[in-house]
Amino acid sequence: DIQMTQSPSSVSASVGDRVTLTCRASQGIGTWLAWYQRKPGKAPNLLIYAASNLQTGVPSRFSGSGSGTDFTLTINSLQPEDSATYYCLQFNSFPRTFGQGTNVEIK
Amino acid sequence: QVQLVESGGGVVQPGRSLRLSCAASGFPFSSYGMHWVRQAPGKGLEWVAVTWYDGSNKYYADSVKGRFTIFRDNSNNTVSLQMNSLRVEDTAVYYCARDKIGGNWYFNLWGRGTLVTVSS
């Protein structure tokens, strides 16, 4: 199984800051990676697919990059509504595996 | 309205069975693969199972293989998860999620989840 490791586990930043989250795969997955935002009591929301493609309707302050084993999700100009847990997902193979999540908190 | 609505959760004793259902609406259900994903209390997301758009392929997480079965009814736009030999560690909110296309991609639509509690 492919293991996905996210870092940091949590981050606290101010409104307007740039925040970078990292996801590392235990083996190469090309660009078969997605990012999700999860708020308490709500279903996960797809942000990025295929490593760098912004899902329709997602604000442009979110961006993704990377390939192979190392990926990043960047939130430019952090907003209060971005407070959430962010998960990466590899869809290179089964079983699908998620990272353990990064909690983003607004200072 | 494009949506997925799960049902069937509840409290069940270890070793017993439970069936979850997910009703889809607002899109051509038979064209999409469907997944189940769960989140245990205080834990992260865990993929559980997938069925291809036509039911021809199914895959499972090792943690549920041999105990859970995913199946779909394209005539009624539903996907179900039959859960047998339940364990305390199966306690979680279970989400159904739609694949981008046939079943081998990521999830681009999620339901709100249904809570399964396995406890004596």
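The values are calculated or read from the model by the stated rules, or taken from the named source; none is laboratory data. Keep in mind the model is a prediction, meaning the values are calculated, not measured. We place every Cβ from the backbone using ideal geometry, glycine too, and count neighbours over all the protein chains shown. Areas reflect the complete protein model, heavy atoms only, side chains present, ligands, DNA and RNA absent. Shrake-Rupley method; radii C 1.70, N 1.55, O 1.52, S 1.80 Å.
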Item checked: Shape metrics for segment B:39-108, restricted to C-alpha atoms - Rg then Dmax, Å -> 12.4, 37
Note to self: Could you report the accessible area of A:SER10 in Å², rounded to 10, computed with a 1.4 Å probe on the protein chains as they sit in the structure?
What the structure shows: 70 Å²
Next item on the list: Give, to the nearest whole percent, the P(r) tail of chain B beyond 22 angstrom, counting all Cα pairs.
Entry: 26 percent
Next item on the list: Would you mind checking which residues have amide H under 5 Å from B:GLY113's amide H? H placed 1.01 Å from N; only 5 or more apart, or other chain.
Entry: B:GLU6, B:CYS96
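Using a 1.4 angstrom probe with every protein chain in place, what is the largest-first accessible-area order of A:GLU81, B:GLU6, B:GLU89?
Values: A:GLU81 95, B:GLU6 20, B:GLU89 120 Å².
Solvent-accessible surface, decreasing: B:GLU89, A:GLU81, B:GLU6.
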Next item on the list: Shielding by partners for A:36-43, please: the mean number of other protein chain Cβ atoms within 10 Å of each residue's Cβ.
Entry: 3
Notebook entry, point to check: With charges only on Cβ, +1 for K and R and -1 for D and E, what is the dipole size of segment A:1-93 about its Cα centre, in debye, rounded to 20?
Noted result: 140 debye
Check: Each residue of segment B:23-28 in order: what ³J(HN,Hα) in whole Hz does its phi give by Karplus 6.51 cos²θ - 1.76 cosθ + 1.60, θ = phi - 60°, with x for Gly and Pro?
Finding: 9, 9, 8, x, 8, x
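Mind checking B:57-70 for the average number of partner chain beta-carbons within 10 Å of each residue's beta-carbon? Before the final figure, lay out each step's value.
Values: counts 1, 1, 4, 2, 5, 2, 1, 1, 1, 0, 0, 0, 0, 0.
Partner-chain Cβ atoms within 10 Å, mean over residues of B:57-70: 1.
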Notebook entry, point to check: Using a cut-off of 21 Å between alpha-carbon atoms, which lysines can reach B:LYS58, once sequence neighbours fewer than 8 places away in the same chain are excluded?
Noted result: B:LYS100
Margin query: What three numbers, in Å, describe the spread of the alpha carbons of the protein assembly as shown along their principal axes, ordered from the longest?
Written below: 49, 39, 37
Next item on the list: At 1.4 Å probe size, with no ligands or nucleic acids counted, give the accessible surface of B:ARG72 in Å², nearest ten.
Entry: 40 Å²
Next item on the list: Give the ranking of B:VAL93, B:VAL2, B:VAL64 by solvent-accessible surface, highest area first, calculated with a 1.4 Å probe.
Entry: B:VAL2, B:VAL93, B:VAL64
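Could you estimate the translational diffusion coefficient of segment A:50-107 from the Stokes-Einstein equation, with Rh from the Kirkwood formula over C-alpha pairs, at 20 °C and 1.002 mPa s, in whole µm²/s?
Working: Rh = 12.8 Å.
Approximately 168 µm²/s, per Stokes-Einstein.
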Notebook entry, point to check: For the protein assembly as shown, with every protein chain kept in place, what is the accessible area per residue (1.4 Å probe, Å²)?
Noted result: 44 Å²
Check: In the P(r) worked out for chain A, what percent of Cα pairs fall beyond 19 Å?
Finding: 36 percent
Note to self: Could you report the accessible area of A:PHE91 in Å², rounded to 10, computed with a 1.4 Å probe on the protein chains as they sit in the structure?
What the structure shows: 10 Å²
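How much length is gained if the chain between B:VAL5 and B:SER30 is pulled fully straight, taking 0.36 nm per residue apart and subtracting their Cα-Cα distance, in nm to one decimal?
So the chain would gain 7.4 nm between B:VAL5 and B:SER30.
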Notebook entry, point to check: If you take the accessible area of A alone, add that of B alone, and subtract the area of the pair, what total do you get in Å², probe 1.4 Å, to the nearest 100?
Noted result: 1700 Å²
